[in-house]
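The values are calculated or read from the model by the stated rules, or taken from the named source; none is laboratory data. The structure presented is a predicted model; accordingly, all values stated were derived computationally and were not measured. Counting neighbours? That spans all protein chains shown, and the Cβs are built from the backbone with ideal geometry, glycine included.
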Amino acid sequence: MTELDSRLAALRDQAREWGAGFAAVALELDRDPDRIADHLDLPGVRFMSTFGVPAEFGRPPLRIGPHRFEGTSALERAVVLEELARGDIGTTLAAPGPSMSGVLVEQLGDPAQREWFYGRVLAEPTWTCFALTEPGHGSDASALDTVLRPAADGGFELTGAKRYVGNASRARIAAVFARTRPGPLGVTAVLVDTDDPGYRAEPLDSLGVRGARISAVTLDRVRVAPERVLGRHLSPTRRGIWASIQVFNRLRPTVAALALGIAGAAHDLLLEHRAAARGTDRERIERIGRRIGATRALVHRAAAAVDATGDGYLASAAKARACRLAEEVTLEACELLAPAARVTHPLLDKLVRDARGVEFMEGTRNVQHLNLFQGLLSGRVDG
């Protein structure tokens, strides 16, 4: 697909309007990410706070003209998140809401767990986090050190450490992956109330995507009730590692869209400040626009494939290309806006830093290339 139909175009236009509100607070949140608490009334933040909650739990669908949107498809998420990140990726990631944890609960939660999770998200602005990555093993779910052990009272205790977890220091609910026994079938996910004793999260210093409040998490014998263990009603093969792969597959086009939004924001700066450019500079600016359009077509195609089949192979190509595009476009914008561009254009400096941040979200470029190669070998991606 290369162009949006009228329904998705309406969603894009609405998200672009919300993104303009994000742009107005971008530098403020970059300086102090905690200032998101002062901007919870922004329409885009309000939307993100329940984005992805199924309508069955009482969330009214978004209505734009004759169209309604549930916000549960990968393509809808990609369209929305590109425009919000074009306004500001920091504000987008700082907003409360179900985020990755919501996708996991949708995959693994039983009716009671989904009711508990979504009920809390709908009751008030609630930050959540998705804790998989560990200090020694990255996001390799097969090598987790965090353990979930039976407790004397019939529940469980969770002990371990997580690293590079977005919004963990703000989260009221954490979805945490842990090991119950050796082997790939010994990985499971649990829901943790972060107010419980033993949970501690501290923000890490970061240069880019500062709004996400990337954090380190320590879990010291955190009590987990049996009803907070996700996937109990499913076979072991459909929990744990399988679940994390499914979540990444569904959200990979979203990360690609975030990177695309950064590239779009840098292109917007060029169109604003180099409107009179001629010759080679004009050709370079126009080429950037064409590259963004081509990458957008790939992102949308990948999102549609995820919605249709659940496969994330094409989405890996989209994520790798979009992140590379964000890096290259922000650097080219620095060249086109003069040697001191990062000093005279603070927003461009932020975009350069943010472009490096999305590279590490949901797997680096090398990880995406490996996943794409597996898709090519299996014949599930057309070379």
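May I ask you to list the residues in region 111-138 that are under 20 Å from the mean Cα position of the chain (by Cα) and free of Cβ contacts under 8 Å to residues at least 24 places away in the same chain?
Once the filter is applied, which keeps residues that are under 20 Å from the mean Cα position of the chain (by Cα) and free of Cβ contacts under 8 Å to residues at least 24 places away in the same chain, region 111-138 yields only G138.
Among the numbered criteria (1) crowded, with 19+ Cβ neighbours inside 10 Å; (2) more than 17 Å from the chain's Cα centre (by Cα), which one does E286 miss?
Among (1) crowded, with 19+ Cβ neighbours inside 10 Å; (2) more than 17 Å from the chain's Cα centre (by Cα), the lone unmet condition for E286 is (1).
Any idea which of (1) in a helix (DSSP H, G or I); (2) modelled with pLDDT of 95 or more; (3) among the charged types (D, E, K, R) is the one D41 doesn't satisfy?
(1)
Take the residues in region 5-32 that are in contact with a strand residue (DSSP E or B) (Cβ under 8 Å, 6 or more places away or on another chain) and among the aliphatic types (A, V, I, L, M), then tell me which one is surrounded by the fewest Cβ atoms within 10 Å (Cβ to Cβ).
Among residues in region 5-32 that are in contact with a strand residue (DSSP E or B) (Cβ under 8 Å, 6 or more places away or on another chain) and among the aliphatic types (A, V, I, L, M), the one surrounded by the fewest Cβ atoms within 10 Å (Cβ to Cβ) is A10.
Looking only at region 47-66, decide whether some residue is surrounded by 16 or more Cβ atoms within 10 Å (Cβ to Cβ), in contact (Cβ under 8 Å) with a residue 12 or more places away in the chain and within 24 Å of L347 (Cβ to Cβ).
Yes, some residue in region 47-66 is surrounded by 16 or more Cβ atoms within 10 Å (Cβ to Cβ), in contact (Cβ under 8 Å) with a residue 12 or more places away in the chain and within 24 Å of L347 (Cβ to Cβ).
Filter region 240-271 down to residues that are more than 20 Å from A355 (Cα to Cα) and not polar (S, T, N, Q), then give me how many there are.
First, pick out the residues of region 240-271 that are more than 20 Å from A355 (Cα to Cα): 240-247, 249-250.
From what is left, the residues that are not polar (S, T, N, Q) are 240-243, 245, 247, 250.
Of the residues in region 240-271, 7 are more than 20 Å from A355 (Cα to Cα) and not polar (S, T, N, Q).
Look through region 182-217, keep the residues that are under 17 Å from D34 (Cα atoms) and of a type in the set (D, E, K, R), and return whichever of them is surrounded by the most Cβ atoms within 10 Å (Cβ to Cβ). Please lay out each step first, then the result.
Of region 182-217, the ones under 17 Å from D34 (Cα atoms) are 201-216.
Filter again for of a type in the set (D, E, K, R), leaving 202, 205, 210, 213.
Details: E202: 10, D205: 6, R210: 23, R213: 25.
Residue satisfying both the conditions and the ranking: R213.
Under 8 Å by Cβ, and 6 or more places apart or on different chains, what pairs join a residue from region 283-296 that is in the same structural domain as D268 (by TED's automatic domain parsing) with one that is assigned to a helix (DSSP H, G or I) and among the β-branched types (V, I, T)?
Filtered contacts from region 283-296: I288/V329; R291/V329; I292/V329.
Condition check: part of a loop (DSSP other than H, G, I, E, B) and modelled with pLDDT under 95. Does D205 satisfy that? Give the derivation first.
Values: part of a loop (DSSP other than H, G, I, E, B): yes; modelled with pLDDT under 95: yes.
When the stated conditions are applied, D205 passes them.
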